[in-house]
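Here the structure is laid out as structure tokens; the discussion comes afterwards.
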Amino acid sequence: MDLSIVIPLYNEAESLPELKAWIDASLKDFSYEIIFVDDGSTDGSWEVIQQMAGPGVRGIRFRRNYGKSAALYEGFEAAQGDIVVTMDADLQDSPEEVPEMVRMIREEGYDLVSGWKQHRKDNALTKNLPSKLYNWTARKVTGIKLHDMNCGLKAYRADVVKNIEVYGEMHRYIPYLAKNAGFNKIGEKPVHHQKRKFGVSKFGMDRFVNGFLDLMSLWFLSRFGKKPMHFFGTSGILMFLIGFVMTICIVANKLYHQAHGLKFRAVTDQPLFYLALLAVVLGVMLFLAGFVGELISRSSTERNNYQIKERI
Ligand code: UDP
Ligand code: MG
């Protein structure tokens, strides 16, 4: 089979029949399956999916709402096509873009092609502007030159989705997950974007705060996840040394003044003393955090989980 179209959805009943018809009209030249993942909808989306189910249309229904990442994860597990396409269910993404994305993967050798909503049809103030800032940060942190990392419309070589694990809210950073798994030919294609026709958006402003925190976690995990001591140990030792040198200075200063009969202040009267104390305590704490981190990663079942591309 050429394609698996994975569609995560939460309360999108009105959009589904139209979406299916649109996909069918746009992908005539391919063999494909559509996998609807109903993320705990309560508006009758599942009944609509049941009616459409048949050859080439499958459905997975969650018992409750787990979030878009969970829906994508299950969709990826179920996918059988050579190329896996993800698409939002709300008719904002055009299936007409898919053939070109597939061509880029097949002919230009991309592992992953992400859509770029160049002319985004959402609220300018609450979505478009924060999204620009967010994408800029994501570009700096991940080193992946995408304008629209979180676009719902993406196409992947099947290998990619079978070798990454989307969890939590990490659907925003799938290209980064892919890059960390060693798939680094990542491309993008400008795509048409439509206004939401039915229903409401499922994400509010908190997406940007949480999204940023998730980005930090991923960055940290990819750099130091397997060697936490390299981060905490270095900063810990540095802090400790700073504090240590300060302490020596304070004590030496006092002894010198005492020995020469000069006037001197009590050690605890000096601001430097408290800074030194703080630095030493922080240093020890950072070092301990690194050590505990090493113990955790040493017993993690993931510790020797590597991506092997080929063997001969
Ligand atoms: N979605 C989901 N589970 C959720 C929230 C959203 O499966 O908990 C789906 C939603 O139905 C849609 C896609 O994720 O198909 C994108 O959501 P939405 O259109 O609300 O995001 P926006 O376009 O506003 O960024
Ligand atoms: Mg949408």
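Quick note: the coordinates plus some simple rules give every number you see, no bench work behind them. Since this is a predicted model, take the numbers as computed values, not measurements. Cβ atoms come from the backbone with ideal geometry, glycine included; neighbour counts cover every protein chain shown.
Strictly over 28 Å apart at the Cα level, which of Lys20/Lys140; Lys132/Lys154; Lys28/Lys127; Lys154/Lys197 would you flag in this model? From the list (Lys20/Lys140; Lys132/Lys154; Lys28/Lys127; Lys154/Lys197), the Cα-Cα distance tops 28 Å for Lys20/Lys140; Lys28/Lys127. What the phi angles of the range 136-146 give under the Karplus curve with 6.51, -1.76 and 1.60, with θ = phi - 60°, is a coupling list of 5, 4, 4, 4, 5, 6, 8, x, 9, 7, 10 Hz, glycine and proline written as x.
Taking the square roots of 5 times each eigenvalue of the Cα gyration tensor of the range 1-61, largest first, gives ellipsoid semi-axes of 20, 11, 9 Å. Which parts of the range 137-169 would a label at Lys226 reach, counting a residue when its backbone N lies under 16 Å from a point 7 Å out along Cα-to-Cβ? Inside the label zone: 164-165. Whole-percent P(r), the range 16-114, all Cα pairs, 10 Å bins from 0: 14, 48, 32, 6, 0. May I ask for the Kirkwood hydrodynamic radius of the range 142-197, worked out over all distinct Cα pairs and given in angstroms to one decimal? With all distinct Cα pairs of the range 142-197 included, I get 12.3 Å.
Peptide packing: for 149-159, 38-48, the average count of neighbouring Cβ atoms within 10 Å per residue gives the ranking 149-159, 38-48, highest mean first. Between the beta carbons of Phe244 and Arg265, assuming R0 = 25 Å, the FRET efficiency works out to 0.75 to the nearest 0.05. A simple spin-label model places pseudo-atoms 7 Å from Cα toward Cβ; at Thr126 and Met285 they are separated by 3.8 nm. In loop segments of the range 243-292 as defined by DSSP, the trypsin sites (Lys or Arg not before Pro) with at most 13 further C-beta atoms inside 10 Å of their C-beta are Lys263, Arg265. Rounded to the nearest 500, the 222 nm mean residue ellipticity of the chain from helices alone is -15500 deg cm²/dmol, with -39,500 (n - 2.57) taken per DSSP H run of at least 4 residues.
Using the reciprocal of the averaged 1/r over all distinct C-alpha pairs, how large is the Kirkwood radius of the range 40-81 in Å?
Hydrodynamic radius (Kirkwood, Cα only) of the range 40-81 equals 11.3 Å.
With no solvent and one equal point scatterer placed on each C-alpha of the chain, evaluate the Debye formula and give log10 I(q)/I(0) for q = 0.08, 0.13, 0.14, 0.15 Å⁻¹, two decimals. Results for the chain at q = 0.08, 0.13, 0.14, 0.15 Å⁻¹ read -0.48, -0.95, -1.07, -1.19. Pull out a ≥ b ≥ c, the square roots of the eigenvalues of the alpha-carbon gyration tensor of the range 87-165, then state rounded if a/c is under 1.5, prolate if not and a/b is larger than b/c, and oblate in the remaining case. Because a/c hits 1.5 or more and a/b fails to exceed b/c, the range 87-165 counts as oblate. Cα gyration tensor of the range 99-257, axes a ≥ b ≥ c as square roots of the eigenvalues: rounded (a/c below 1.5), prolate (a/b > b/c) or oblate? Prolate shape, in that a/c is at least 1.5 and a/b is the bigger ratio. Between Leu275 and His119, the modelled label-to-label distance comes to 5.7 nm, taking each label 7 Å out from Cα in the direction of the beta carbon. For every other residue with a beta carbon closer than 11 angstrom to the beta carbon of Glu165, add +1 if it is Lys or Arg and -1 if Asp or Glu, then tell me the sum. Charge balance in the 11 Å sphere: -1. Considering the range 213-255, its Cα convex hull presents a mean projected area of 3.7 nm². The phi torsions of the range 230-239, fed into the Karplus equation with coefficients 6.51, -1.76 and 1.60 and a -60° offset, translate into couplings of 5, 7, 5, x, 4, 5, x, 5, 4, 4 Hz, rounded to whole numbers, with Gly and Pro shown as x.
The Rg/Rh ratio of the range 196-288, with both radii computed over alpha carbons and Rh defined as the Kirkwood radius, is 1.37.
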